[in-house]
Amino acid sequence: MNAEPGDGARMAAGIASLAAHERAQQSAARLDADRAAARPAPPEIANRPGRAERQAAESARCPFCKAAPGQHCTAAGQRVMSKPHPGRLDAYAVKAAICPECVAGVGDGCRGPNGLRIDGVHPGRLQSALLGWLP
Ligand SMILES: [Zn+2]
Ligand SMILES: [Zn+2]
């Protein structure tokens, strides 16, 4: 495999954006007062951070409304929802990744310290299931 010439630049951009993130956190406290007055972001911007989650969730069948893979969730069997049912992403994570936290295998639900099934999945499992969907 040849290394892509853009790798170095991309890494530098990643480091720069991390530094920017830290600066943003430091100034966050000062911005609190401003934020109260800020207008909410338009939906197309507000939804952007959830894009990977949405695509990942919609690659699986929804256990709640039974939407087929690739189809949007529907409410009451007909109205298309703006976001997939929350449990759909969990169902995808169960099928797509083992859990690094409770060591549940692919297809097995997450378990708590008492050995009983938990609602949803551990955050680490969700994260590893989403890796392939992040830009
Ligand atoms: Zn659904
Ligand atoms: Zn787990």
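Values quoted throughout were computed directly from the atomic coordinates according to the rules given, and no laboratory measurement underlies them. Bear in mind that the values here come from a model prediction, so they are computed numbers and not experimental data. So basically every Cβ, Gly included, is an ideal-geometry build from the backbone, and we count neighbours across all protein chains shown.
Okay, here's what the table says:
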| quantity | calculated |
| --- | --- |
| Which of I118, I98 has the fewest Cβ neighbours within 10 Å, and the rest in rising order | I118, I98 |
| Order of D119, D108, D90 - criterion: other Cβ atoms within 10 Å of each residue's Cβ, fewest first | D119, D108, D90 |
| Trypsin sites (Lys or Arg not before Pro) within the range 58-135: DSSP coil, no more than 13 neighbouring Cβ in 10 Å | K66 |
| Sequence-distant residues sharing a close amide H with T74 (under 5 Å, placed H) | A67, M81 |
| Where the Cα pairs of the range 50-133 fall when distances are cut into 5 Å bins, in % | 3, 18, 27, 22, 16, 10, 5, 1 |
| Sum of side-chain charges, C73 neighbourhood, beta-carbon under 13 Å (Lys, Arg +1; Asp, Glu -1) | +4 |
| Order of L126, L134, L89, L116 - criterion: other Cβ atoms within 10 Å of each residue's Cβ, fewest first | L116, L134, L126, L89 |
